[in-house]
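Scroll down for the structure; my scribbles are underneath it.
Read the figures in this text as sums done on the coordinates, not as results from a lab. Nothing here was measured: the structure is a model prediction, and the numbers come from that model. In this analysis, Cβ positions are derived from the backbone assuming ideal geometry, glycine residues included, and neighbour counts consider all displayed protein chains.
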Amino acid sequence: MRRRYPSLSRLDRSAIAARNARTSASVDVGRAGCSRASNNSRGACRSGVSTTLSGVSSVPTILRTTTFAAAGSNPNVNTGSIFETARRAQALSMAIVQSVTANFAGINVGPDVIAEEFEPPVLTTYPVIPDMFFFTDLCDIGDRIVIFVRATVAVVYRSVVIIADR
């Protein structure tokens, strides 16, 4: 069924048609014989490579900032993220930094302990790729990605989890 835009002006309809023509052009997504044109622009090629409209590959990422005004802890800074639980077999690259010294963090993925409680590097920005990404792991469907933090003084933690299908 063809969707119509009755309330749009002729100029708006032509802009939509031009956009649709651009996005339905063949885009290389890393698999032979899999292009947007052959898949009717619906993303039927879902073998682990996702694309944006420009054809650039996108990767799910969890970026979190956790702030403590005084001593405290957080059992999982990823709580509430749509990517907290692995939906398929994935490869993870993880990093966490703190704004001041004397605080601690740890990383678990499913049943695996990736890093026991340790003192993260001190940095006032998000971790630098790839220099600060010390932790990698492979996870299975249903594994929970947990980064826990324990503050002994006022601190800001910044954590990043980059998720790629495997």
Per the rule of 0.36 nm per residue minus the C-alpha distance, extending THR79 to THR136 adds in nm 18.6 nm
To the nearest 20 debye, the stretch 61-165 has a Cα-centred charge dipole, built from +1 on Lys and Arg Cβ and -1 on Asp and Glu Cβ, of 340
Candidate cut points under trypsin sites (Lys or Arg not before Pro) in the stretch 70-156, DSSP loop plus at most 15 other Cβ atoms within 10 Å of their own Cβ, are ARG87, ARG88
Going from the fewest other Cβ atoms within 10 Å to the most, one would list TYR126, TYR157 as TYR126, TYR157
Listing PHE68, PHE148 by rising number of other beta-carbon atoms within 10 angstrom, fewest first, gives PHE148, PHE68
For the stretch 147-156, Karplus-derived ³J(HN,Hα) couplings (6.51, -1.76, 1.60; θ = phi - 60°; whole Hz; x for glycine and proline) come out as 10, 9, 10, 9, 9, 9, 9, 4, 7, 10
Most exposed to least, judged by fewest other Cβ atoms within 10 Å, MET94, MET132 sort to MET132, MET94
Per its Cα gyration tensor (rounded if a/c is under 1.5, else prolate when a/b beats b/c, else oblate), the stretch 97-143 is best filed as oblate
